[in-house]
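Quick notes on the structure that follows.
Derivation of every value follows stated rules applied to the coordinates shown; laboratory data play no part. Remember, predicted model here, so these are calculated numbers, not experimental data. Cβ coordinates were reconstructed from backbone atoms using ideal geometry, including for glycine residues, and neighbour counts include every protein chain displayed.
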Amino acid sequence: MLDTSWERRIRSGTLMPDMTVDLHGHSLSSAHARLNQALSSALARDHRILLIITGKPPKLSASSQQSRRGAIRGEIGHWLETSAYADRIASVRQAHPRHGGTGAIYIILRRKK
């Protein structure tokens, strides 16, 4: 649970990521590996705020190519829940529009104990 100062910084867009990872355009397996690598690296460097770019969710469309868009966004919650680093994640929030809005998320990591 984040306190009100965190919430205010997220809402206002003043939260500044320590690290940005762009998963947009990767295959699911490549994106998953890159996410785990980023989490490991961030924790090793004592970073607290990661900006993960997933790409915008798909718009409704009948074309089969459109249905593949948004696959990373659909999986990322599961990847984080089952990650070896799940206990180090304090919160996952949608990014402010200046950082990508619905096409990105913030991962806020817990402090080292």
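Counting charges near residue 90 (Lys, Arg +1; Asp, Glu -1) among other residues having Cβ under 13 Å from its Cβ returns a value of +4.
Overall, the chain carries a charge dipole of about 220 debye about its Cα centre when +1 sits on the Cβ of Lys and Arg and -1 on the Cβ of Asp and Glu, all other atoms neutral. Dividing the radius of gyration of the alpha carbons in the stretch 4-109 by their Kirkwood radius gives 0.98 for Rg/Rh. Taking the DSSP bridge list for the chain and keeping only pairs wholly inside it, about 70 percent are antiparallel. Angle of helix 28-44 to the longest C-alpha principal axis of the chain, folded into 0 to 90 degrees and rounded to 10: 10°. As a proxy for reagent exposure, 48, 98, 110 were ordered by neighbouring Cβ count within 10 angstrom, fewest first; the result is 98, 110, 48.
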